[in-house]
Amino acid sequence: MGIIVVTERLKDLRKMQRFIFDNFGYYNQFQYNDKQNKLQDVKVPWMYIMESWNASIGCRKRIKSYNESLEQCPLCEFRGDCKLGSQYRDQSYSPIIGITTSRLYHYADSGQFGRIRNWKSKGKDVIQLKRNLLLVDEKPKLTKVKKYIRKNNT
């Protein structure tokens, strides 16, 4: 079973990821030959953290802000080699994904929640599985309904 973990702070997600790694190691490890026939060693964590632009990303275009990343990243020629560009592919191999509360609301509001719902099993016969458990570590924002009118559809 896969899990989506939501916290307010990225720091808390990293702490949780470190705890899982220290106790369980990697979820999967394998090697493959890339397009240049160089042997690549892949280590898949149990928990993958989705990140927005931040100073530690190491952008080749030297983007300096989150707002600039929203404009530049979708069209970037380095997207395939960038952490931001490869996140959706990479997260699909970990059973646990960590996201911030603001990213949760972004996915919910934009209808993109399905992009992080699935993950792939390890092994030769890869099976697509669902992250069916959502754990929210913070008090959620609630909407107050002042007036509710029920329409009769008869």
>> Can you confirm whether residue 87 is more than 14 Å from the chain's Cα centre (by Cα) and either at pLDDT 85 or above or part of a helix (DSSP H, G or I) (or both)?
In response: no
>> If residue 64 meets every condition in (1) farther than 27 Å from residue 122 by Cα; (2) open to solvent by less than 70 Å² (accessible area, probe 1.4 Å) apart from one, which number is that one?
In response: (2)
> Checking residue 77 against (1) modelled with pLDDT of 80 or more; (2) of a type in the set (D, E, K, R); (3) in contact with a Gly (Cβ under 7 Å, 6 or more places away or on another chain), which single condition isn't satisfied?
Replying inline: (3)
> When you go through 69, 56 one by one, which is the residue that is surrounded by fewer than 17 Cβ atoms within 10 Å (Cβ to Cβ) and among the small types (Gly, Ala, Ser)?
Replying inline: 56
>> Just to be sure I understand, how many residues within the range 120-135 are under 15 Å from residue 42 (Cβ atoms) and outside any loop (DSSP other than H, G, I, E, B)?
In response: 1
>> Restricting to the range 72-90, name every residue that is surrounded by 10 or more Cβ atoms within 10 Å (Cβ to Cβ) and of a type in the set (A, V, I, L, M, F, W, C).
In response: 73, 76, 78, 82, 84
> Out of the range 1-60, which residues are at pLDDT below 90, in a loop (DSSP other than H, G, I, E, B) and either touching a His at 6+ places or on another chain (Cβ under 7 Å) or aromatic (Phe, Trp, Tyr) (or both)?
Replying inline: 53
> Of all residues in the range 91-138, which are open to solvent by 80 Å² or more (accessible area, probe 1.4 Å) and basic (Lys, Arg)?
Replying inline: 115, 117, 122, 124, 130
>> Can you pull out every residue in the range 26-58 that is under 19 Å from the mean Cα position of the chain (by Cα) and without any contact (Cβ under 8 Å) to a residue 24 or more places away in the chain?
In response: 26, 42, 43, 55, 56
> Among 90, 34, which is among the acidic types (Asp, Glu) and within 25 Å of residue 136 (Cα to Cα)?
Replying inline: 90
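The values are calculated or read from the model by the stated rules, or taken from the named source; none is laboratory data. Note that the structure is a prediction, hence the values are computed from the model and not measured. No Cβ is skipped: glycine too gets one built from the backbone with ideal geometry, and neighbour counts run over all protein chains shown. To get the accessible areas, we keep the full protein, side chains included, count just its heavy atoms, and leave off ligands, DNA and RNA. Shrake-Rupley method; radii C 1.70, N 1.55, O 1.52, S 1.80 Å.
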